[in-house]
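Take this structure first; my questions come after.
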Amino acid sequence: MRIASVQVGITLAFFGVAAVGVRAQQPDAGGGWFGLTRPAVLAPHSLEVLSGRPAVPVLVRAGEERHADLNGDSIQALLETIVGISHESRRTGEIGGGQLWGRVSGFPSGAKTVQWATDELRAAGITDVEL
């Protein structure tokens, strides 16, 4: 008789602990779980141009004036072209409906960036350029 009551007690204790465990795993009305609050919902950020400062003027050593085309203004124009490809990726939502964006390999933005770089190298006179 004593063994049967011990078995019943163990069974009730097991189901009682199991029921409390199941109840504890359900989120409460406030959205918490095991007493922890859920993280805030992620929202897309916007990080655009940080400064309106002009490009730094180029300083070319005497005798190297032929390299003056590599200056802040021309680098800024190249940068705006490359970043423009990223912004286009964002506008069109090419990756995950716009959740991810940029110049990603395997997507049209990546191919466009490679093609642009290839065209720029060829325009600079480099003939041995392959894709």
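Which shape class, rounded, prolate or oblate, goes with the stretch 70-123 when its Cα gyration tensor gives a ≥ b ≥ c as root eigenvalues, a/c under 1.5 marks rounded, and past that a/b bigger than b/c marks prolate? Show your work: numbers first, answer last.
Numbers: a/c = 3.77, a/b = 1.73, b/c = 2.17.
Judged from the Cα gyration tensor, the stretch 70-123 comes out oblate (a/c at least 1.5, b/c at or above a/b).
List every residue whose amide H lies under 5 Å from the amide H of Leu100, counting only residues 5 or more places away in sequence or on a different chain, with H placed 1.01 Å from N in the peptide plane.
For Leu100, the qualifying residues are Ile95.
The numbers here are math on the coordinates, done by the rules we state, and not lab data. Being a predicted model, the structure only gives us computed values, none of them experimental.
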